[in-house]
Amino acid sequence: MSGSRVCEDRYEQMLANSATAAICAGPDNRILSWNAAAEALLGYSAAEAIGQPLSIIIPPHLREAHAAGLARAAKSGRARLAGQAVEVMACHADGRELPVDLSLSMWTENGQPMFGALLRDIADRQAARRR
(Lines give C-alpha, C1' and ligand atoms only; values in the text may rest on other atoms or scores of the structure.)
Protein backbone atom coordinates (compact mmCIF):
# COMPACT_ATOMS: atom_id res chain seq x y z
CA MET A 1 0.00 0.00 0.00
CA SER A 2 1.40 3.39 -0.96
CA GLY A 3 1.86 6.23 1.51
CA SER A 4 -0.82 8.31 -0.19
CA ARG A 5 -3.35 5.47 0.09
CA VAL A 6 -2.59 5.14 3.82
CA CYS A 7 -3.17 8.89 4.19
CA GLU A 8 -6.45 8.65 2.24
CA ASP A 9 -7.62 5.79 4.46
CA ARG A 10 -6.82 7.81 7.60
CA TYR A 11 -8.60 10.84 6.17
CA GLU A 12 -11.69 8.76 5.34
CA GLN A 13 -11.68 7.27 8.86
CA MET A 14 -11.35 10.73 10.40
CA LEU A 15 -14.36 12.01 8.45
CA ALA A 16 -16.39 8.87 9.08
CA ASN A 17 -15.93 9.25 12.84
CA SER A 18 -16.11 13.05 13.01
CA ALA A 19 -18.77 14.88 15.02
CA THR A 20 -18.97 17.27 12.06
CA ALA A 21 -21.29 16.33 9.20
CA ALA A 22 -19.16 15.60 6.11
CA ILE A 23 -20.71 15.30 2.65
CA CYS A 24 -19.02 14.86 -0.71
CA ALA A 25 -20.70 15.44 -4.09
CA GLY A 26 -19.58 15.21 -7.69
CA PRO A 27 -20.01 17.64 -10.58
CA ASP A 28 -23.45 16.18 -11.32
CA ASN A 29 -24.69 17.37 -7.88
CA ARG A 30 -25.03 13.74 -6.66
CA ILE A 31 -23.99 12.81 -3.12
CA LEU A 32 -21.02 10.43 -3.07
CA SER A 33 -20.33 10.16 0.65
CA TRP A 34 -22.25 10.91 3.84
CA ASN A 35 -20.92 10.31 7.33
CA ALA A 36 -22.72 9.36 10.57
CA ALA A 37 -22.74 13.00 11.75
CA ALA A 38 -24.58 13.96 8.53
CA GLU A 39 -27.12 11.24 9.31
CA ALA A 40 -27.66 12.64 12.80
CA LEU A 41 -27.83 16.29 11.67
CA LEU A 42 -29.92 15.93 8.53
CA GLY A 43 -32.03 12.84 9.20
CA TYR A 44 -31.16 10.80 6.10
CA SER A 45 -29.19 7.57 6.42
CA ALA A 46 -26.13 7.23 4.19
CA ALA A 47 -28.04 4.63 2.15
CA GLU A 48 -30.87 7.14 1.59
CA ALA A 49 -28.59 10.08 0.78
CA ILE A 50 -25.85 8.61 -1.41
CA GLY A 51 -26.78 8.94 -5.06
CA GLN A 52 -29.39 11.63 -4.38
CA PRO A 53 -28.97 15.22 -5.56
CA LEU A 54 -27.36 17.50 -3.02
CA SER A 55 -30.50 19.61 -3.19
CA ILE A 56 -32.24 17.23 -0.75
CA ILE A 57 -30.51 19.20 2.04
CA ILE A 58 -31.20 22.63 0.53
CA PRO A 59 -34.42 24.40 1.58
CA PRO A 60 -36.81 24.41 -1.41
CA HIS A 61 -36.77 28.22 -1.77
CA LEU A 62 -32.95 28.17 -2.09
CA ARG A 63 -32.56 25.22 -4.48
CA GLU A 64 -32.52 27.22 -7.71
CA ALA A 65 -29.75 29.52 -6.46
CA HIS A 66 -27.80 26.51 -5.15
CA ALA A 67 -28.04 24.69 -8.50
CA ALA A 68 -26.90 27.81 -10.36
CA GLY A 69 -23.93 28.28 -8.00
CA LEU A 70 -22.89 24.64 -8.30
CA ALA A 71 -23.11 24.79 -12.11
CA ARG A 72 -20.97 27.97 -12.14
CA ALA A 73 -18.38 26.35 -9.87
CA ALA A 74 -18.25 23.15 -11.94
CA LYS A 75 -17.81 25.19 -15.15
CA SER A 76 -15.24 27.67 -13.80
CA GLY A 77 -13.36 25.28 -11.51
CA ARG A 78 -13.83 27.71 -8.61
CA ALA A 79 -16.44 27.78 -5.87
CA ARG A 80 -17.10 31.30 -4.56
CA LEU A 81 -17.58 30.04 -0.98
CA ALA A 82 -14.69 27.54 -0.97
CA GLY A 83 -12.37 28.05 1.95
CA GLN A 84 -14.85 30.14 3.92
CA ALA A 85 -17.18 29.31 6.80
CA VAL A 86 -20.67 30.71 6.25
CA GLU A 87 -23.96 30.42 8.07
CA VAL A 88 -26.70 28.98 5.86
CA MET A 89 -29.96 27.11 6.24
CA ALA A 90 -30.15 23.38 5.58
CA CYS A 91 -33.19 21.17 5.16
CA HIS A 92 -33.72 18.15 7.43
CA ALA A 93 -35.34 14.98 6.06
CA ASP A 94 -38.51 15.89 7.98
CA GLY A 95 -38.73 19.20 6.08
CA ARG A 96 -37.74 21.60 8.85
CA GLU A 97 -35.00 24.12 8.20
CA LEU A 98 -31.99 24.32 10.49
CA PRO A 99 -29.15 26.83 10.68
CA VAL A 100 -25.72 25.36 9.98
CA ASP A 101 -22.16 26.54 9.70
CA LEU A 102 -20.94 25.44 6.24
CA SER A 103 -17.33 25.05 5.17
CA LEU A 104 -17.12 24.24 1.47
CA SER A 105 -14.14 22.83 -0.38
CA MET A 106 -13.59 22.03 -4.04
CA TRP A 107 -10.94 19.95 -5.77
CA THR A 108 -10.39 18.09 -9.02
CA GLU A 109 -10.45 14.30 -9.16
CA ASN A 110 -9.82 12.52 -12.47
CA GLY A 111 -10.38 15.82 -14.25
CA GLN A 112 -13.79 16.37 -12.63
CA PRO A 113 -14.68 18.99 -10.01
CA MET A 114 -15.60 17.53 -6.63
CA PHE A 115 -17.29 19.31 -3.73
CA GLY A 116 -16.96 18.71 -0.01
CA ALA A 117 -19.09 20.24 2.70
CA LEU A 118 -18.57 20.24 6.44
CA LEU A 119 -21.70 21.24 8.37
CA ARG A 120 -22.28 21.98 12.04
CA ASP A 121 -25.59 22.76 13.73
CA ILE A 122 -25.52 26.34 15.02
CA ALA A 123 -29.05 26.64 16.43
CA ASP A 124 -27.61 27.03 19.96
CA ARG A 125 -25.21 29.74 18.78
CA GLN A 126 -28.02 31.65 17.09
CA ALA A 127 -30.27 31.33 20.16
CA ALA A 128 -27.48 32.69 22.38
CA ARG A 129 -26.96 35.58 19.97
CA ARG A 130 -30.67 36.43 20.11
CA ARG A 131 -30.59 36.44 23.93
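The values are calculated or read from the model by the stated rules, or taken from the named source; none is laboratory data. Note that the structure is a prediction, hence the values are computed from the model and not measured. Here the Cβ is made from the backbone with ideal geometry for all residues, glycine too, and neighbour counts use every protein chain on show. Just the protein is used for accessible areas: all its heavy atoms, side chains included, with ligands, DNA and RNA removed. Shrake-Rupley method; radii C 1.70, N 1.55, O 1.52, S 1.80 Å.
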Once amide hydrogens are built 1.01 Å from N within the peptide plane, the residues lying 5 or more places from GLY43 or on another chain with amide H under 5 Å from its amide H are ALA93
Computed over the stretch 16-80, protein heavy atoms only, probe 1.4 angstrom, the accessible area per residue in square angstrom equals 54 Å²
The answer for ALA21, listing residues at least 5 apart or on another chain whose modeled amide H is closer than 5 Å to its amide H, is LEU119
Taking every other residue with Cβ under 10 Å from the Cβ of PRO53 and scoring Lys and Arg +1, Asp and Glu -1, one gets +1
With all protein chains in place and a 1.4 Å probe, HIS66 shows an accessible area in Å² (nearest 10) of 40 Å²
Note, ALA22: beta-carbon cut-off 12 Å, +1 each Lys/Arg, -1 each Asp/Glu, net -1
